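The values are calculated or read from the model by the stated rules, or taken from the named source; none is laboratory data. All values reported here derive from a predicted model rather than from experimental measurement. A quick note on method: Cβ atoms are made from the backbone with ideal geometry, for glycine too, and the neighbour counts reach across all protein chains shown. With ligands, DNA and RNA removed, areas are computed over all heavy atoms of the protein, side chains included. Shrake-Rupley method; radii C 1.70, N 1.55, O 1.52, S 1.80 Å.
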Amino acid sequence: MIRQFARFYRPHLRLVLIAFGCAAASGLLELFFPMAVRAFIDHLLPRQDMQVVVLAIVGLLAIYVLNAALMAVVTYWGHVLGIAIETELRRRAFDHLLGLSHRFYDEQKTGHLVGRVTKNLEDIGEVAHHGPEDLLIAALTFAGAFALMVMVSPELALLTALIVPIVGWAVAHFGGRMTGNWQAQFRRVGAFNARIEEAVGGIRVVKAFANEAHERRLFAADNAGYQRTKLDAYRIMAIGTTFNYLGMRLVQLVVMLAGAAFIVAGSLTIGDFVAFLLLVNVFYRPLEKINAVIETYPKGIAGFRSYLELMATKPDITDAPDATPAPALRGDVRLEGVGFGYDPARPVLRGIDLSVKAGETVALVGPSGAGKTTLCSLLPRFYDVQEGRITIDGIDIRRMTLASLRAQIGLVQQDVFLFAGTMRENIAYGRLGASDAEIMQAARRARLDGLIEAMPAGLDTLIGERGVKLSGGQKQRMAIARIFLMNPPILILDEATSALDTETERAIQAALTELAEGRTTFVIAHRLATIRDADRIVVVTEDGIAEQGTHQDLLARPGPYRRLHEAQFAS
Ligand code: ADP
Ligand code: MG
């Protein structure tokens, strides 16, 4: 893990040198001070010459100013380094999220994921800066202070060294427990983030059922879980800090006792004694950072683990190594013996053979849950077939790059996802960079121009989060306008009008018919009246394709289509 982390420093070698170089220099200056005090007491003071004293003080001042400058450089440029690494990690995490496929998102909660690219990475950034720098200063001051201590008084140095194994054990023990605790905290935060995200995202449903009390209860459980984990953390920290504090003070007292004895015996000067006590402080300073050791580092380590975990989830749908960009497709779609199940043990589709000519409109009808949506989601490779293959214009879709394939398949679903923003932005999502004239033309063909012209802000009208300020029919028209802009040769209309009232459905039908013109179109609809004119109707049931033909053909014989038809038009 450390090696993986170190790789992020490589592009910033110059910053690393500046920050760590200054940190090292500052650490060495810290060592100089106790020795200066010793010389001051033992050699300068006895001369009783104020001029020399003032000179020495001015010299010390210069050293302090230098040290302050070094620390300022470390604080600023060290953080520049930390933030650079954090930004890069976040870019990669977001990029990775965009690359993960439907199968991953089927299992995930948004709240968890958002935490992973925000808070976690901030913690890592903090460690990216302080971690190696503190280690470097710690190692330098530790070794340097000890060497000077031995020089001043080997016996006292030995006594002081007794504390090292004790503190070493404490750091390993409490630090380890804290890393585990931080991981638990991340999970807890993820859980309640997800809960907030769901309650707020579904606030209209919550209110419609007056289920605020229920949501409050669910949230209280997650909130209390987080509180418990956090309390564990503070307990570990309290014990760890106390342990460390007492251990260090104890040794200090022992050193004072022994030092006093040596002075009385005449084997130690006052200057040696004072210098030694100051050195002990420098020696301990890294150990006093126990709080950093059990808070910042474990947090960063846990965050980095979570980051690595996310990066280790590989998307199951990717470009094959030998994939090539699809040419402009005509739209001959063939499914050959296609089998697929979300859980391979429970297939949804088996042995599906279907051949659709370019420009043909095929309606898929059948009972809910038969697999119509699933079948259509195989075309843009939201999921990959497990048996058989799908070709477009004779090319296996797995041999095309994903981007070039998906750019040629337009999809309109029952629930339209619109982004919080303007009408212009949302329509232009069909083809980024389209001009206003092109956007207005698409809007006109989607029968949206009336609405846009009626709005005072026109295309700049804000439509609210997920388009809440639009009616169902208007949202559907936005989705259609997007596809007009995109202009793909293949079109999937999955219950595009099912959620609308018959009146609105009829109004939108004209736009959809125009949209389907000249494109290979798959229409899924449960209101049979809307697909009567399709070139072909395919009846999909749990056992596969039950029958296919035109509306007239299928009505003429007893079969599932006629039964569906009679059921809908009876009364
Ligand atoms: P239809 O569109 O014909 O109503 P679907 O294709 O949506 O049917 O669903 C077919 C079957 O696959 C159903 O049993 C459904 O529960 C299951 N299913 C649909 N989507 C998923 C998914 N993302 N993960 C697991 N199972 C799914
Ligand atoms: Mg469906």
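Please report the Cα spread of the chain along all three principal axes, rounded to whole Å, starting with the longest.
Projected onto its principal axes, the Cα set of the chain covers 120, 52, 48 Å.
Filter K207/K469; K230/K314; K119/K314; K119/K207 down to the pairs with a C-alpha to C-alpha distance above 26 Å, please. Show your work: numbers first, answer last.
Values: K207/K469 18 Å; K230/K314 32 Å; K119/K314 22 Å; K119/K207 30 Å.
Violating the 26 Å limit, Cα to Cα: K230/K314; K119/K207.
Once you keep just the Cα pairs under 8 angstrom separated by 6 or more residues, what percentage relative contact order results for the chain? Walk me through the intermediate numbers first.
Values: 781 pairs, mean separation 80.8, N = 571.
Averaging sequence separation for qualifying contacts and normalising by length gives 14 percent for the chain.
Mean residue ellipticity at 222 nm from the helices of the chain, using -39,500 (n - 2.57) per DSSP H segment of n ≥ 4 over the full residue count, to the nearest 500 deg cm²/dmol? Intermediate results must be reported in sequence, preceding the final value.
Working: 22 runs with 358 residues, N = 571.
Counting only the DSSP helices, I get -21000 deg cm²/dmol.
Relative to the longest principal axis of the chain, what angle (0 to 90°, nearest 10) does the C-alpha long axis of helix 502-516 take?
Approximately 90 degrees, to the nearest ten.
What Kirkwood hydrodynamic radius, in Å, does region 60-133 give when the mean of 1/r is taken over all pairs of distinct Cα atoms and then inverted?
Numbers: mean 1/r = 0.0686 Å⁻¹.
So the Kirkwood estimate lands at 14.6 Å.
Find the centroid of the Cα atoms in region 310-347 and in region 443-465, then give the distance between the two in whole Å.
Centre-to-centre (Cα) distance: 36 Å.
Would region 459-522 count as rounded, prolate or oblate if I go by the C-alpha gyration tensor, calling it rounded below 1.5 in a/c and otherwise prolate when a/b exceeds b/c, oblate otherwise? Mind dumping the intermediate values first?
On the way: a/c = 2.20, a/b = 1.37, b/c = 1.60.
Taking the square roots of the gyration eigenvalues as a ≥ b ≥ c, region 459-522 is oblate.
Determine Rg/Rh for region 292-411; Rg is computed over alpha-carbon atoms and Rh is the Kirkwood hydrodynamic estimate from the same atoms.
Details: Rg = 19.7 Å, Rh = 16.8 Å.
Radius of gyration over Kirkwood radius for region 292-411 works out to 1.17.
Kirkwood Rh, region 92-244, all Cα pairs: how many Å?
Working: mean 1/r = 0.0509 Å⁻¹.
The Cα-based Kirkwood calculation yields 19.7 Å.
Note down the net charge around F419, summing +1 for each Lys or Arg and -1 for each Asp or Glu among other residues with Cβ under 10 Å from its Cβ. Write down the numbers at each step before the final one.
On the way: positive: R466; negative: E425, E465.
Here the charged neighbours net out to -1.
Would you kindly derive the ³J(HN,Hα) couplings of region 218-224 from the backbone phi angles with the Karplus curve 6.51 cos²θ - 1.76 cosθ + 1.60 (θ = phi - 60°), listing them in order in whole Hz, with x for Gly and Pro?
For region 218-224, the Karplus curve yields 4, 5, 4, 4, 5, 5, 5 Hz.
Once amide H atoms are placed 1.01 Å from N in the peptide plane, what residues at a sequence separation of 5 or more from G410, or on another chain, have their amide H within under 5 Å of its amide H?
I490, L491, I492
Give me the 1.4 Å probe accessible area per residue for region 338-451, excluding ligands and nucleic acids, in Å². Show your work: numbers first, answer last.
Values: 4960 Å² over 114 residues.
Normalised by residue count, the accessible surface of region 338-451 is 43 Å².
What's the angle, to the nearest 10 degrees (0 to 90), between helix 50-99's Cα axis and the longest principal axis of the chain?
Between the helix axis and the principal axis of the chain, the angle is about 20 degrees.
Excluding ligands, DNA and RNA, what is the solvent-accessible area per residue of region 143-214 at a probe of 1.4 Å, expressed in Å²?
54
Sequence neighbours fewer than 8 away in the same chain don't count; with that in mind, list the aspartates and glutamates whose C-alpha is under 16 Å from K109.
The qualifying aspartates and glutamates are E197, E198, D222, E309.
Identify the chymotrypsin sites (Phe, Trp or Tyr not before Pro) of region 163-215 meeting these criteria: DSSP loop state and at most 14 other C-beta atoms within 10 Å of the C-beta. Before the final figure, lay out each step's value.
Numbers: sites: W169, F174, W182, F186, F192, F209; in loops: F209.
In loop regions of region 163-215 (DSSP not H, G, I, E or B), the sparsely surrounded chymotrypsin sites (Phe, Trp or Tyr not before Pro) are F209.
Taking a cut-off of 21 Å between Cα atoms, list the lysines near K357, but don't count ones fewer than 8 places away on the same chain.
Correct list for K357: K372.
With both partners inside the chain, how many of the DSSP beta bridges are antiparallel, as a percent to the nearest 5?
Working: 19 of 37 bridges.
Roughly 50 percent of the beta bridges in the chain run antiparallel, per DSSP.
Once amide H atoms are placed 1.01 Å from N in the peptide plane, what residues at a sequence separation of 5 or more from E547, or on another chain, have their amide H within under 5 Å of its amide H?
The list, which skips near neighbours in sequence, is V539.
Please report the carbon-and-sulfur percent of the accessible area for region 148-200; probe 1.4 Å, protein heavy atoms only, DNA, RNA and ligands left out.
68
Please give the helix 163-201 orientation as an angle from the longest Cα principal axis of the chain, in degrees from 0 to 90, rounded to the nearest 10.
The angle comes out at about 30 degrees.
Sort region 487-545 into rounded, prolate or oblate with this rule: let a ≥ b ≥ c be the square roots of the eigenvalues of the Cα gyration tensor; rounded if a/c is under 1.5, and if a/c is not under 1.5, prolate when a/b is larger than b/c, oblate otherwise. Before the final figure, lay out each step's value.
Numbers: a/c = 1.94, a/b = 1.15, b/c = 1.68.
It comes out oblate by the Cα gyration axes.
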